[in-house]
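One structure is given here, and the rest of the page talks about it.
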Amino acid sequence: MVAIGAGYPIDLHTHSLRSDGALSPADLVKRAAARGVEIQALSDHDTLGGVAEAEAAGREVGVRIIPATELNTESEWGDAHVLGYFIDPGDSELEKRLRWLRSKRGRRIELMVEKLNALGYAVDLARVLEIAQGGALGRPHLAQALFEKGYVPSYDRAFQTLIAKDSPAYVARVGLTPLEAVTLIRAHGGVPSLAHPGTVVGLSDVLPKMVAAGLAGIEAYYGEHSPEMTARYLYQARELDLVPTGGSDFHGRGEHGADVGGVFVPPETIDRLESRRRGA
Ligand code: AMP
Ligand code: FE
Ligand code: FE
Ligand code: ZN
């Protein structure tokens, strides 16, 4: 395999085409392997649909896949995204809830397309769906469509302008609260960790509540964290007995996230997370 730059051996946060990433699960895992990743969580938003393909590729190239999902919530607590690890991709009750969340994602993007159209941006829902290739819909697909039409100078700029939170075309997410996301992961045997805690508003208030609901980890290691932020989350992890987790949040689109394997995660993290499974 062609080496494409050295990464770290553990990555607990990655996205494929099954949600808003750019690579198929197999290509994503192959990229991870080429960068030296040995253990990778596939954490697509609101779906486990890519896990089987990732596992098959992982067997070929020697990457252990941890089945995971990321549940995005938006509320008075800002953006609280909950990663759930060690989830059974065959859990049909959970799949029902995830399907409901994906339908909410679809409706939200439809509404944003309508608003953009009303504002004079002729972005086409059919094209957005084509870009998503059946993956869980999100703003990244819309950003790509806006970029293709020349309405934004780059994919990344769309998030600061036309589809930013304070843009007239923005539609807030409806779905789970942060506590419900933690509870849902726990109810289905998963181990929840709070993703990129910097996007949460009122973290020190909500974190103990999330811990009471079953939160087991906090993503202290993340590409966009300053050393001070990482230190603060490591401190909070110790105070609240949370496992510090980490990952790249690689999407393969624009500048958002690091490259797969691009963030250091301590080797003991996997065992520590596994010890937080209940009834295992
Ligand atoms: P949504 O869940 O539809 O609100 O979109 C959130 C997703 O958009 C995240 O999961 C990232 O994939 C991506 N994203 C969020 N903020 C940015 C940003 N500033 N630049 C690029 N991508 C972003
Ligand atoms: Fe995403
Ligand atoms: Fe996220
Ligand atoms: Zn993510």
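The values are calculated or read from the model by the stated rules, or taken from the named source; none is laboratory data. Everything quoted here is computed from the prediction, not taken from an experiment. In this analysis, Cβ positions are derived from the backbone assuming ideal geometry, glycine residues included, and neighbour counts consider all displayed protein chains. Areas reflect the complete protein model, heavy atoms only, side chains present, ligands, DNA and RNA absent. Shrake-Rupley method; radii C 1.70, N 1.55, O 1.52, S 1.80 Å.
The table that follows gives values for the structure above.
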item: Burial ranking of peptide ranges 50-56, 234-240 (average Cβ count within 10 Å, highest at the top); result: 50-56, 234-240
item: Long-range amide H partners of Thr73 with built H, under 5 Å; result: Ala80, His81, Val82
item: With DNA, RNA and ligands ignored, accessible area of Asp271 (1.4 Å probe; Å², nearest 10); result: 110
item: Assigned charges on the beta-carbon of Lys, Arg, Asp, Glu; segment 182-255 dipole about Cα centre (debye); result: 220
item: For peptides 169-181, 187-199, sequence by mean Cβ density within 10 Å, most packed first; result: 187-199, 169-181
item: Charge dipole magnitude, Cβ of K and R +1, D and E -1 - the chain, Cα centre, debye nearest 20; result: 420
item: Surface accessible to a 1.4 Å probe, per residue, for the residues of segment 88-238, Å²; result: 47
item: Three-way shape label, segment 29-115, alpha-carbon gyration tensor, a/c 1.5; result: prolate
item: The chain: angle of helix 139-148 to the longest principal axis, Cα-based, in degrees nearest 10; result: 40
item: Carbon plus sulfur fraction of accessible area for the chain, probe 1.4 Å, in percent; result: 52
item: Other-chain or far-sequence residues with amide H under 5 Å of Ile66's (modelled H); result: Gln40, Ala41, Leu42
item: Angle in degrees between helix 178-187 and the longest Cα principal axis of the chain, rounded to the nearest 10; result: 50
item: Dipole in debye (nearest 20) - segment 31-182, about Cα centre, beta carbon charges: Lys, Arg +1; Asp, Glu -1; result: 360
item: 0 to 90° range, to nearest 10: angle between helix 92-118 axis and the chain longest Cα axis; result: 30
item: Estimated 222 nm signal from helices in the chain, with DSSP H stretches of n ≥ 4 weighted -39500 (n - 2.57), rounded to 500; result: -12500 deg cm²/dmol
item: Cα gyration tensor shape for segment 107-159, rounded if a/c is under 1.5, else prolate or oblate; result: oblate
